[in-house]
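Take a look at the structure below.
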Amino acid sequence: MIRIPCPFCGERDHSEFTYGGDASIEYPPLDAPPEQWLRAVFERENVRGMQAETWHHANGCRLWLVVERDTLTHEIRSVRPAHAGIAQALEEGR
Amino acid sequence: MSARRLTDGGRIDRSQTLRFTWDERGLSGHPGDTLASALLASGERLLGRSFKYHRPRGVMSAGVEESGALVTLGRAARRDPNVKATTQELFEGLAAAGQNAWPNVRYDLGAVNGLLSRFFVAGFYYKTFMGVPPFEWGRGTGMWMRYEKLIRRAAGMGTASRAPDPDRYEHAHDFCDLLVVGAGPAGLAAARVAAEAGLDVLLVEQDFELGGNLLNQPHDPAATGHARELAAVAAAGVRIMTRTTAFGLYDHGVAGLLERVTEHLANPSPHLPRQRFWTVRARHTILATGALERHVAFGDNDRPGVMSVTAARSYLNRFAVLPGESVIVATNNDSAYAAALELARAGAAVTLLDARDTVPEPLSTAAADEGIVVHTNTAPLQAQGARSVDALRTAVADGTGWRTGATFDCDFVAVSGGWSPVVHLHSHRGARPVWNAALACFLPGECGEPLHVAGAAAGIWDEQACETSGRAAAAAAAAALGKSVPSVSAPPAGGWSAPIRPLYEVRVAGQKLKSFVDVQNDVTAEDVRLAHREGYVSVEHLKRYTTLGMATDQGKMGNVIGLALMAEALGKEIAEVGTTTFRPPYTPVSLGALAGRGKGSHFRPLRRTPMHDWNLAHGATMTEAGLWQRPWFFARDRESLAQAYVREASTVRTSVGLCDVTSLGKIAVQGPDATEFLNRVYTNPFAKLPIGKARYGIMLRDDGIVMDDGTTWRLSETDYFMTTTTAHAAKVMVWLEELLQTRWPDLRVHVTSVSEQWAGTAVAGPESRAVLAACVIDPHVLTDESLPFMGVVETRLTGGIPCRIARISFSGELAFEVYVPADYGPAMMDLLWDIAEPLGGCLYGLEALGALRIEKGHVTGAELDGRVSIDDAGLGKMAAGNKHYIGSALRKRPALVREDRPRLVGVFPRDRSQTFNAGALLCRAEQVAGHGDGWITAVTHSPALGHWIGLGFMVGGHAAWSGKPVVAADPVRAGNVEVEIVSPHMYDPSGARMHG
Ligand SMILES: [Zn+2]
């Protein structure tokens, strides 16, 4: 069990969340050539250590979050909404 | 001679007698007893038979490390095997029995295994069948299977009940600032100090009494120190859980606890669960888990009457049982002396063997004062006696080894080989224990988490120092949690007046002895050496090859001895050999507790549509579709399923039918950029979908494979109503949220799941317009001009029920989908059915829905199984060529556009009277073998065509197989059937009926 501090809901069990994937992937534009999409969809680093990844608070606020998590220790360094606008609104609301 | 109950002392309540049965014989004990103490007090010694050799076994400990007195508790459906008699509280009516023996543990015919011990050596499982020719798949396996069964029966533990578990179990959750595991001197002090500092403290103790090792000390009811400490802990506001084991530590301060709620009660309240499985989230954790006393490997060290010194002390002081009259205490450290003195004071004749060459003061004087003879440089070599120890051969130190010494008559042997701090929970966090050669034990390593270790668990032996270390740990935790408390410096590990002499095995050259390292798994010192000779030198391999430290024991008793012997064999230090990784659970957790209430119908959520009761009242037989209960068919006059669905499907084609489609996923897609969003998500164009029209759409995954399909209705410039398949409703919702939040944050779109908000029904068949027209306030909105095929209208049903109607068809007939706010679902059905029934209409279920869609070649989840491209599904024309959308790049990967990919086809039996099964393989007639050229996904009897039909996938699609003989191969079920491959559009391919 790991605990993820959702910026909206507070610290919650990971069972409330769904793992998305590597948040560092830049998905190409829809009209990008297949080779570019191939890299984005299939090529992963399998990081040992700190990794930015997306998690969906499916049984909570339904936000997609970017979680910096150490894949070795599960240490969570930061959590922010994946949507830049929402992240900014949250920041301003503080 | 055996043990006996003392007339006074102990922490038992002699004013009450508890009757219990042991192997169907009536015995008695008192509140405060464990089953083990009550059995010992009743004169029972032989309590079990060992795993492999069926050797007689008795009580060896007074706690969770027990490997001898494993018994079966309870009867019938409540029969629970492998219960440790040493931790089971006695209660009135308890029924216990010996196990792994026939006819009973006293006269066990299985003991013949002991004579066959050479077949049961380390790795016997792997070795026994080597050389049994021919041992390979298909030939020797029958023999292996037969012997494997015999061995399993001969070597084993207790057997569980095969009846369903009649007890209930619960899951519970909690939070705290500080979790303290263990309520010995260190844990009690830590909990009190932390609670007094203002922390929310949860103290868990596996025993039914608080105190840990304090309980093993001479009990003087007049002395109030212990009671005062307990009162202070309670007064400080510590939340206390007894009979609760912290069995595992997990990430981020999460602990798993198992609370035994009713296992000590004769007549538990029916409202209480047997056990509670707790998930506790703690900000800090203090492990005050104590230490376990090790034994020593010497000959027949598993005889009943041989136990640990601390167990002897516990039975004497806590349970008022004198375990023997003529006692030998064998030790290699200071800690055994207190027990020896107390046993002597209780009236036993005590002889003390100390493996060390001198006895430190003041222990030697104290021993002399009690008349105890101490033999230094002496250790136990072999226990004697057939079923119970009656003498002990000793060994005398000889240089670095041992030679045979004197033999002493005795009826009881207590052994201390040193102490092993309970580092299990600490180890769960990935912190490797560190060998401390001076203290001859593993100490918890560095962890880097908010985890503190106190007391004997940290290798601190002195009771006062344990308490200090508890206070120090509490102060550290409190400070880290922002409470200002004076810091306390933690005492160092150790605390004996003279050092321990490491002693793991006593043997004399030339003598073959059965010296047990791991009693529970019948692993001997010789097994460890054999494993070494055979090349299993890593500790992890050693464990698996010999089974050392497996089963419920998990290395509590034998691990360190096994490591020491392996180190010796390798000529290395223990520190170099390392240790195995301890994993949860610390002690066994029942499957019932893991499941909690989540079994049977509670295993997963149940979803019912708002029309559920309406459907049932109108004769529905329900079936499961994912989590949903959906009408399967509506039988009339005792129709079978087959009769009912064929009638229902025919009625839809000739008249009209109503079908509850509420379970479809429904998503409101709203916002100024909703159109652009949908156009990117769907393969087909959505940019120009007019208001008041719906469109069938397909969405792909990034990798170009079909994700889902459904219709999306345009209600206004900025408001769309999307439907998804029942199965993928949640997945599509998550996917849309992901796209909007992570990839296209610039799109001004909001998606809301409205699946629960709308109840839906399909009205299908030539009469559908007439039925619906009679139920809406203005029938003109339904004319062909107002509502053409794929038209959408928002209006009201009779009585003002708001509704959304789209003219869409899954059945291929003129049809409509009608949605109303969920609570109006039954009212809508009443309105429609009042009109449809007199017209000869029907209600239809999932089976008829399937028949209708198979006839039309419409795909569902059975076809869209996550491997199918849009072309495979025969929907390639739905993929727009003039726009880019999710999956458009990768759907053209070479492997996905090969001509010979399996494509959607229809299947007819060549002999129209025959049928076939979904799941059958489609093979060319000349080669009915292997995986074939395709497969069948769905089968129905087609009322329209009058014979069985199927959908499936076939290499190259139906055109490639026109006129060619094909076989639906189903060798393990229906056998092979000759079939024809046809177009998937098996009925009304032009769609004239639904457009009409
Ligand atoms: Zn949240």
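The values are calculated or read from the model by the stated rules, or taken from the named source; none is laboratory data. Computed from a predicted structure; not experimentally measured. Every residue, glycine among them, receives a Cβ derived from its backbone with ideal geometry; neighbour counts consider all protein chains shown. Note: accessible area is taken over every heavy atom of the protein model, side chains too, but ligands, DNA and RNA are not part of it. Shrake-Rupley method; radii C 1.70, N 1.55, O 1.52, S 1.80 Å.
Things worth noting here:
- Residues in the stretch B:742-765 that are of a type in the set (A, V, I, L, M), surrounded by fewer than 19 Cβ atoms within 10 Å (Cβ to Cβ) and more than 39 Å from the chain's Cα centre (by Cα): B:L747 only.
- Given (1) within 14 Å of another protein chain (Cβ to nearest Cβ); (2) crowded, with 23+ Cβ neighbours inside 10 Å, number of the condition B:G448 does not satisfy: (2)
- Residue match in the stretch B:722-731 (condition: modelled with pLDDT under 95 and on the phi > 0 side of the Ramachandran plot): no
- Restricting attention to the stretch B:879-905, the residues being away from chain A (no Cβ under 11 Å) and open to solvent by 30 Å² or more (accessible area, probe 1.4 Å) number 10.
- Residue under evaluation A:L38, criteria (1) within 16 Å of the ligand (Cβ to nearest atom); (2) closer than 30 Å to B:L896 by Cα; (3) hydrophobic (A, V, I, L, M, F, W, C), criterion not met: (1)
- Going through (1) open to solvent by 20 Å² or more (accessible area, probe 1.4 Å); (2) touching a helix residue (DSSP H, G or I) at 6+ places or on another chain (Cβ under 8 Å); (3) at pLDDT 95 or above one by one, B:A476 falls short only on (2).
- Hits in the stretch A:40-55 (condition: within 11 Å of chain B (Cβ to nearest Cβ) and free of Cβ contacts under 8 Å to residues at least 12 places away in the same chain): A:V41, A:F42
- For the stretch A:9-29, residues that are surrounded by fewer than 16 Cβ atoms within 10 Å (Cβ to Cβ), more than 10 Å from every other protein chain (Cβ to nearest Cβ) and either part of a strand (DSSP E or B) or within 12 Å of the ligand (Cβ to nearest atom) (or both) total 4.
- Among the residues of the stretch A:43-57, those identified as more than 28 Å from B:L890 (Cα to Cα) and either within 16 Å of the ligand (Cβ to nearest atom) or basic (K, R) (or both) are A:R48, A:H57.
- Scanning the stretch B:715-741 for residues that are among the small types (G, A, S) and more than 14 Å from every other protein chain (Cβ to nearest Cβ) returns B:S716, B:A727.
- Looking only at residues of the stretch A:58-77 that are part of a strand (DSSP E or B) and open to solvent by less than 40 Å² (accessible area, probe 1.4 Å), we find that the one that is farthest from the ligand (Cβ to nearest atom) is A:D70.
- Taking (1) assigned to a loop (DSSP other than H, G, I, E, B); (2) open to solvent by 10 Å² or more (accessible area, probe 1.4 Å); (3) within 17 Å of B:V296 (Cα to Cα) in turn, B:Q554 satisfies each apart from (3).
- Output for the stretch B:247-277, where each listed residue is within 29 Å of B:F442 (Cα to Cα) and within 14 Å of chain A (Cβ to nearest Cβ): B:F247, B:G248, B:L249, B:Y250, B:D251, B:H252, B:G253, B:V254, B:A255, B:G256, B:L257
- Scan of the stretch B:682-709 for residues that are at positive phi and open to solvent by 10 Å² or more (accessible area, probe 1.4 Å), ordered by number: B:G692
- Restricting B:L40, B:L47, B:L27, B:L18 to residues that are buried (at least 17 other Cβ atoms within 10 Å of the Cβ), without any contact (Cβ under 8 Å) to a residue 24 or more places away in the chain and in contact with a strand residue (DSSP E or B) (Cβ under 9 Å, 6 or more places away or on another chain) narrows the list to B:L27.
- Per this entry, B:A851 is not counted among residues that are of a type in the set (G, A, S) and more than 30 Å from B:F953 (Cβ to Cβ).
- Yes/no for B:T262 being assigned to a strand (DSSP E or B) and either at positive phi or modelled with pLDDT of 95 or more (or both): no
- Residue check, B:A255 closer than 21 Å to B:C466 by Cα and part of a strand (DSSP E or B): no
- Index of the failed condition, A:L90 passing every other in (1) within 16 Å of the ligand (Cβ to nearest atom); (2) outside any strand (DSSP E or B); (3) open to solvent by 70 Å² or more (accessible area, probe 1.4 Å): (3)
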